[in-house]
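Below you'll find the structure, written out as structure tokens, and then a few comments.
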Amino acid sequence: MQALMGMSVDKMVIVLPSALIGMYLIILLQKTLSERQNPYAGLIIPVLCFVAATFLAVRPLFVAEPGQYEGLGVFCLRMWLTFNIPTIVFMFPYIRQRKLMKAIAEEMTQQESQEPAAGSSADIGAAAD
């Protein structure tokens, strides 16, 4: 937000819609990756977000001077929780798509198990004639 405070209105008109379009494209990419058969493809963006959030949250521990450690652990934990919000957001399409794919697979298995039973009873009826 501090970057937006000193920015002129003309630049904001360009930056904010561009950021929204970028976020939309990334979420669309996540949805596309989640729809693939490979279960790991949909985890690429959430894992990248998790690694980046962890790196950015732990970094103050490495650059702090020896007298600055007081309260730094709680600060890093709060930063880590805040920075992992995109990780959670990107997991929603993945989890939704996996549940949908699992339900479709179960439905197809049930249909396949019912079809031979229906076909075998027709064969029995034809054999009786």
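The values are calculated or read from the model by the stated rules, or taken from the named source; none is laboratory data. Every value quoted in this text rests on a predicted model; they were computed, and no experiment measured them. We place every Cβ from the backbone using ideal geometry, glycine too, and count neighbours over all the protein chains shown.
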>> Criterion first (free of Cβ contacts under 8 Å to residues at least 12 places away in the same chain, within 30 Å of MET5 (Cβ to Cβ) and polar (S, T, N, Q)) does GLN114 satisfy it?
In response: no
>> Could you list, ordered by first residue, the pairs with Cβ atoms under 9 Å in which the first is in region 30-50 and within 14 Å of VAL89 (Cβ to Cβ) and the second is among the charged types (D, E, K, R) and assigned to a loop (DSSP other than H, G, I, E, B), at least 6 apart or interchain?
In response: GLY42/GLU35; GLY42/ARG36
> For region 49-57, does any single residue satisfy the condition of being of a type outside the set (Ser, Thr, Tyr) and within 13 Å of the chain's Cα centre (by Cα)?
Replying inline: yes
> If the Cβ limit is 9 Å and pairs must be 6+ apart or interchain, which residue in region 4-26 that is closer than 21 Å to PHE90 by Cα and surrounded by 11 or more Cβ atoms within 10 Å (Cβ to Cβ) pairs with which residue that is at pLDDT 80 or above and among the aromatic types (Phe, Trp, Tyr)?
Replying inline: ILE26/PHE90
> How about region 88-118: which of its residues are surrounded by 10 or more Cβ atoms within 10 Å (Cβ to Cβ), of a type outside the set (Lys, Arg) and either within 30 Å of VAL51 (Cα to Cα) or modelled with pLDDT under 55 (or both)?
Replying inline: ILE88, VAL89, PHE90, MET91, PHE92, PRO93, TYR94, ILE95, GLN97, LEU100, MET101
> So which residues in region 19-48 are under 27 Å from MET79 (Cα atoms) and over 12 Å from the mean Cα position of the chain (by Cα)?
Replying inline: ALA19, LEU20, ILE21, GLY22, MET23, TYR24, LEU25
> Quick check: anything in region 57-71 at pLDDT 90 or above, of a type outside the set (S, T, N, Q) and surrounded by fewer than 10 Cβ atoms within 10 Å (Cβ to Cβ)?
Replying inline: no
> Got at least one residue in region 66-79 being in contact (Cβ under 8 Å) with a residue 12 or more places away in the chain, of a type outside the set (Phe, Trp, Tyr) and closer than 25 Å to MET23 by Cβ?
Replying inline: yes
